[in-house]
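Read through the structure below, which is laid out as structure tokens, and then see the notes.
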Amino acid sequence: MSDQASLEIVDRSGGAAAARLAGDLDIVTSEDVKRELARLVDDGYASLVLDLSDVGFVDSSGLGALVALHRHAESQGGRFAVRAVPPQVQRLFEITRLDDFLAIE
């Protein structure tokens, strides 16, 4: 993981996993984040929730990673959601209409 972001898996129980991302979700970090979270889905965690409360910036590659994770979870019969979305990221979701696509808790 890059110096600009840290991903922590905070819970794994009952087929569900929760992770917390801090820092930026951008071209530097998005591939690592996507790979690590997709691995959880592949390991059988059907429900995956990503806490974005400590994310300061998301670029197009970060948005792409979130879409890819959503699609990957659905293809495995699972669910991907984000929660604690900061206002600036929520605004980006609204502008790109990602708020209609992603599950936001």
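Below is a table of values for the structure above.
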{"item": "Unmet criterion (only one of (1) free of Cβ contacts under 8 Å to residues at least 40 places away in the same chain; (2) surrounded by fewer than 17 Cβ atoms within 10 Å (Cβ to Cβ); (3) closer than 20 Å to I9 by Cα) for D26", "result": "(2)"}
{"item": "Residues of segment 1-53 satisfying the condition of being among the small types (G, A, S), at pLDDT below 95 and touching a helix residue (DSSP H, G or I) at 6+ places or on another chain (Cβ under 9 Å)", "result": "S2, A5, A46"}
{"item": "Answer from D11, D42, D59, D100 - the residue that is touching a strand residue (DSSP E or B) at 6+ places or on another chain (Cβ under 6 Å), on the phi < 0 side of the Ramachandran plot and charged (D, E, K, R)", "result": "D11"}
{"item": "Any hit, segment 84-93, residues being at negative phi, at pLDDT 95 or above and not in a helix (DSSP H, G or I)", "result": "yes"}
{"item": "Residue pairs meeting the criteria (Cβ under 6 Å; at least 6 apart or on separate chains; first in contact (Cβ under 8 Å) with a residue 24 or more places away in the chain and open to solvent by less than 70 Å² (accessible area, probe 1.4 Å), in segment 78-96; second hydrophobic (A, V, I, L, M, F, W, C) and in a helix (DSSP H, G or I))", "result": "G78/V41; F80/L69; F80/A73"}
{"item": "Candidate set from segment 6-22 (those that are small (G, A, S) and within 13 Å of L50 (Cα to Cα)); member that is most open to solvent (accessible area, probe 1.4 Å)", "result": "S6"}
{"item": "Residue match in segment 66-77 (condition: in a loop (DSSP other than H, G, I, E, B), out of contact with any His (no Cβ under 8 Å at 6 or more places or on another chain), open to solvent by 20 Å² or more (accessible area, probe 1.4 Å) and within 19 Å of E8 (Cβ to Cβ))", "result": "no"}
{"item": "Options G56, G62; residue that is open to solvent by 40 Å² or more (accessible area, probe 1.4 Å) and either farther than 18 Å from A18 by Cβ or at pLDDT 95 or above (or both)", "result": "G56"}
{"item": "Boolean, D100 is free of Cβ contacts under 8 Å to residues at least 40 places away in the same chain and loosely packed, with under 14 Cβ neighbours inside 10 Å", "result": "yes"}
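For every residue, the table says whether it meets (1) closer than 20 Å to P86 by Cβ; (2) of a type in the set (F, W, Y); (3) in contact (Cβ under 8 Å) with a residue 12 or more places away in the chain; (4) not in a strand (DSSP E or B).
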position: R12; (1), (2), (3), (4): no, no, yes, no
position: A17; (1), (2), (3), (4): no, no, yes, no
position: L21; (1), (2), (3), (4): yes, no, yes, no
position: E31; (1), (2), (3), (4): no, no, yes, yes
position: L37; (1), (2), (3), (4): yes, no, yes, yes
position: Y45; (1), (2), (3), (4): no, yes, yes, yes
position: L48; (1), (2), (3), (4): yes, no, yes, no
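The values are calculated or read from the model by the stated rules, or taken from the named source; none is laboratory data. Worth saying up front: this structure is predicted, and the values here are computed from it rather than measured. Glycine also receives a Cβ, built like all others from the backbone with ideal geometry; neighbour counts cover every protein chain displayed. Just the protein is used for accessible areas: all its heavy atoms, side chains included, with ligands, DNA and RNA removed. Shrake-Rupley method; radii C 1.70, N 1.55, O 1.52, S 1.80 Å.
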